[in-house]
Amino acid sequence: MSDTFDLAVVGGGMVGASLALALADTLQATGRRMALLEAEPPQSGHSPSFDGRTSALSNGSRRILSTLGVWDQVLPDAAPISRIHISEQGRFGAARIDAAEQGLAAMGYVVPNRSLGEALWSRLGPPPGVSLYAPCKVLGLAQDADAATLTLDDGKTLRARLVVAADGAQSLVRAAVGVSASVADYGQVAVITQVTCDRPHQGVAYERFTASGPIAVLPLPPILGPQRVATVWALSPAEATRVRALPDGAFLTELQQAFGWRLGRLTLAGERLAYPLALVEAAQTVAGRVVMIGNAAQGLHPIAGQGFNLGLRDAVTLAECVADAFATAEGDAGAATVLARYAAWRRADRRLLISFTDGLVKLFGARFGPLRTARSLGLSLFDVLPPLKAALSTLSTGGGSELPRLARGLSLRSL
């Protein structure tokens, strides 16, 4: 059996589902067809994209989700970040960025991945023009001048003029088209859990750099109480294994020693998850009629919380390029000119965020004494220079490049 589509999206996680939703109205208006392929049924609770982790959404991402019609559903589970506090254990100097000082309602929002996934799929439907294949896996991919053919694990084949790889950092589609990916192992594992403390978090997000690795402590939604936070603790693989096995009391004691007492005593820990950390960067984002987005194009360290924000901008930029293509007589979303436009549009934003995130990991991971002193001075300088704070607060909106329509709060319908 085989079927033919204008485009096929492999991966229905947060980035793939966002792309499908961004194109839903365009598909319906133009009569085009999309296939959305996902290894796990979205409602099963087993999708690795919709696990126990949280995502820090920038204001730019909030605007995109609002334009897509999902923000109102996400909002009850979103914790606004009123202030960001950055410090280094055992050193002087700290940086603080206050949303009110920047004229913002919040610096961003912390949202459970499950809540975001449920909101996207609830809104998606899927709508007319979208055929859902789930569960299914892609076993092979071949291309010719006119289209790409996907071979599925049930024996079916799908033919599409454009294939979008949104299937994560270990992308099978990327590998199938022969695109290599550099992997810079940071030698760290993120231990992720939720913790209760005896002081309200007041919407403050903390980034604490320690000798063993950075700790992010993020406010959780009011529905969970004002004293519940998410923690992301980067440790060596051996240390991560050890602390995951500790009794709750011993784990909290060690986390307390590393993070400090800004939130009072840490009193209750939830389930501990572990994820290895590496910078994964595809050598190219376009290969023939295949385009890589999200973690299939780049997987970032969570130190700056920008991975999903960057992937979401991939999705809405590609959606605009595809919508423009559908408006032409040929209507070929996988044409070389369409994908070249996409790659060029995303290049600066992608390069900036990769370099910024990787640079932070290396800068705060260095133990050289004079460099540690310079870091402390830098944090103190940052704290008293409003232009630097303003620049950082706008970093996650797109790196100074032209923003796609959905990131500006505009619909694709008028294209």
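The values are calculated or read from the model by the stated rules, or taken from the named source; none is laboratory data. On a predicted model such as this, the values are computed, not experimentally measured, just so you know. Neighbour counts run over all protein chains shown; Cβ positions are idealised from the backbone, glycine included.
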For the stretch 15-30, give me each residue that is surrounded by fewer than 24 Cβ atoms within 10 Å (Cβ to Cβ) and among the aliphatic types (A, V, I, L, M). Ala24, Leu27, Ala29
Checked pairs for the stretch 10-30, first farther than 16 Å from Ala407 by Cα, second among the charged types (D, E, K, R), C-beta under 6 Å and 6 or more apart or across chains, list as Val10/Asp167; Gly11/Asp167; Gly12/Glu38; Asp25/Arg413
Might you let me know whether the stretch 207-217 holds any residue that is out of contact with any helix residue (DSSP H, G or I) (no Cβ under 8 Å at 6 or more places or on another chain) and crowded, with 21+ Cβ neighbours inside 10 Å? no
Selection from the stretch 326-352 of residues that are at pLDDT 95 or above, touching a Leu at 6+ places or on another chain (Cβ under 7 Å) and either surrounded by fewer than 18 Cβ atoms within 10 Å (Cβ to Cβ) or part of a helix (DSSP H, G or I) (or both): Tyr342
Specify the residue that is nearest to the chain's Cα centre (by Cα); the eligible residues are those in the stretch 153-167 that are part of a strand (DSSP E or B) and not basic (Lys, Arg). Ala165
Taking the stretch 259-275 and keeping residues among the aliphatic types (A, V, I, L, M) and over 21 Å from Thr54 (Cα atoms) leaves none
Right, Leu158: buried (at least 21 other Cβ atoms within 10 Å of the Cβ) and within 29 Å of Ala278 (Cα to Cα) or not? no
Return a yes/no flag: does the stretch 353-365 have any residue that is out of contact with any strand residue (DSSP E or B) (no Cβ under 6 Å at 6 or more places or on another chain), surrounded by 18 or more Cβ atoms within 10 Å (Cβ to Cβ), among the polar types (S, T, N, Q) and modelled with pLDDT of 95 or more. no
Quick one: Phe251 ticks every box in (1) farther than 20 Å from Gly168 by Cα; (2) surrounded by fewer than 19 Cβ atoms within 10 Å (Cβ to Cβ) bar one, so which box is it? (2)
Tell me which of these Ala142 doesn't satisfy, since it passes every other one: (1) in contact with a helix residue (DSSP H, G or I) (Cβ under 7 Å, 6 or more places away or on another chain); (2) surrounded by fewer than 17 Cβ atoms within 10 Å (Cβ to Cβ); (3) at pLDDT 95 or above. (1)
Residue list for the stretch 283-325, restricted to those being in a loop (DSSP other than H, G, I, E, B) and closer than 15 Å to Ser18 by Cα: Ile293
Scan the stretch 281-298 residue by residue and report those that are surrounded by fewer than 24 Cβ atoms within 10 Å (Cβ to Cβ) and under 15 Å from the mean Cα position of the chain (by Cα). Glu281
Going through Val191, Val163, Val195, Val179 one at a time, which residue ends up being farther than 27 Å from Ala234 by Cβ and buried (at least 22 other Cβ atoms within 10 Å of the Cβ)? Val163
Test of understanding: among Leu75, Leu104, Leu68, which residue is within 15 Å of Ala17 (Cβ to Cβ) and hydrophobic (A, V, I, L, M, F, W, C)? Leu68
From (1) at pLDDT 95 or above; (2) under 19 Å from Ile81 (Cβ atoms), pick out the condition that doesn't hold for Pro226. (1)
